[in-house]
1. Going by amide H atoms built from the backbone, whose H comes under 5 Å of the H on Ala93, apart from near neighbours?
2. For the residue pair Gln43 and Asp106, what label-to-label distance in nm results when each label sits 7 Å from Cα along the Cα-to-beta-carbon direction?
3. Could you tell me the calculated FRET efficiency between Ala93 and Asp33, based on Cβ-Cβ distance and R0 = 35 angstrom, to the nearest 0.05?
4. In whole Hz, what ³J(HN,Hα) sequence does region 84-89 give by Karplus (6.51, -1.76, 1.60; θ = phi - 60°), x for Gly and Pro?
5. If amide H atoms are built 1.01 Å from N in the plane of the peptide, which residues on other chains or at least 5 residues away come under 5 Å of the amide H of Val307?
6. Counting Lys +1, Arg +1, Asp -1, Glu -1, what net charge surrounds Lys85 among other residues with beta carbon under 10 Å of its beta carbon?
7. Under a point spin-label approximation (7 Å from Cα along Cα-to-Cβ), what is the Ala70-Asp276 distance to one decimal in nm?
8. If we count every other residue with Cβ under 13 angstrom of Cys175's Cβ, Lys/Arg +1 and Asp/Glu -1, where does the sum land?
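What follows draws every value from the coordinates through simple rules; no lab data is involved. Every value quoted in this text rests on a predicted model; they were computed, and no experiment measured them. All Cβ positions, glycine included, derive from the backbone under ideal geometry; neighbour counts span all protein chains shown.
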Amino acid sequence: MNRKSLFFGLVAITFTQPVLAALTESYICSSCDYNDAKEAVKQFYETPNCSWNNDGGFSHDMTFSCNTSAKDVIVANPVTQTAYKFNVTATNANSDSEALSITATDASLTSIEIDSLETFYHIHAEFLKAANTVVYANNFYSASSLKAASASSSAPGINESNLSPLSSNQQGGDCSNHPSHYMTGPGAQRRIHREMREQIASKIGNADWADFNEDYDFTGLGFSVSKDGGGVNLGWSIEKQGVYAIKYYGVDNVLSFNVRYKGEYKENGERNLLLDFSLERGASLVDGIPYATFSSGNFADLVDVLVSSCLLENLAGMANSIEINLGDG
């Protein structure tokens with residue numbers, strides 16, 4: 001638990017919108033202690049009503065004043081299962097400028113907030129256990145028959161006659177099970193995301209996260225956990241730590257994803273998770289080469305670099321989006 005975070009088809013997805021007025025604004029932060037939380041909540045102040053006033057009748061007598069706004073904000077650390085609640089106030093710092101003075105003072109959690117946060121901790125722990133996973137590719141295309149790149153008619157600098165046959169575990173394949181397939185387009189990315197999502201969902205099981213005494217609802221920016229008309233509305237905006245899921249194809253062939261959960265829906269009684277996958281381009285490897293090397297707009301210098309036939313095949317379809325130097329053959 002060193003790196004954690006804190007996520008259509010023709011399927012109807014419905015979420016009951018939370019009654020935000022009854023829920024306490026809250027934020028997830030897996031690395032926050034009391035001091036971090038107190039500093040973080042100051043950015044979420046409610047803007048006070050302010051105005052410039054001319055009491056003396058002269059322009060140099062203009063003064064700036066605001067009422068004092070106030071609201072409660074919670075920061076919840078799911079790793080330590082500790083929550084910090086503050087009353088955040090804002091008013092004018094002085095009468096000569098529009099600068100604001102923001103303060104955060106300790107406040108007490110209500111029993112409903114405590115119960116709702118306990119449910120959140122359970123949800124988060126369940127997700128962490130399932131999402132920190134490794135998905136193994138079946139019949140993956142290994143780099144066991146790597147060869148130095150050379151020239152070709154299908155992409156600048158590749159010579160197909162110089163490519164060795166696919167290794168035994170690649171026979172009959174179409175290179176769709178090689179990590180470089182991910183860079184070929186949205187269709188390949190959706191397929192891999194779906195496989196990862198199904199693996200994570202199977203580890204969580206069919207138990208519904210709402211099978212506690214609270215209700216929960218997911219929104220685009222976070223989700224709420226409530227009970228008896230109160231509770232917390234949780235957002236991700238200050239969370240810095242990530243949950244990482246790995247698709248493993250073999251030595252030096254891995255795709256690493258930062259995963260966040262956004263909700264769930266049910267189709268024909270089956271649970272479907274809504275997960276957000278963000279590829280970690282620096283940590284992902286294709287034939288031992290960082291995925292970021294092949295990002296659109298980059299110059300990929302593969303002269304005298306050992307690469308697999310599948311990488312060359314998938315790169316051939318990308319020749320228009322990245323500049324590839326494979327030598328003269």
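1. Close amide H contacts, sequence-distant or interchain: Ala99, Leu100, Ser101.
2. With each label placed 7 Å out from Cα toward Cβ, I get 2.5 nm.
3. Efficiency, from the Cβ-Cβ distance: 0.80.
4. For region 84-89, the Karplus-derived couplings read 10, 10, 9, 9, 9, 10 Hz, x marking Gly and Pro.
5. It is Lys147, Ala148, Ala149, by chain and number.
6. -3
7. A separation of 3.3 nm, rounded to one decimal place.
8. Net charge around Cys175: -3.
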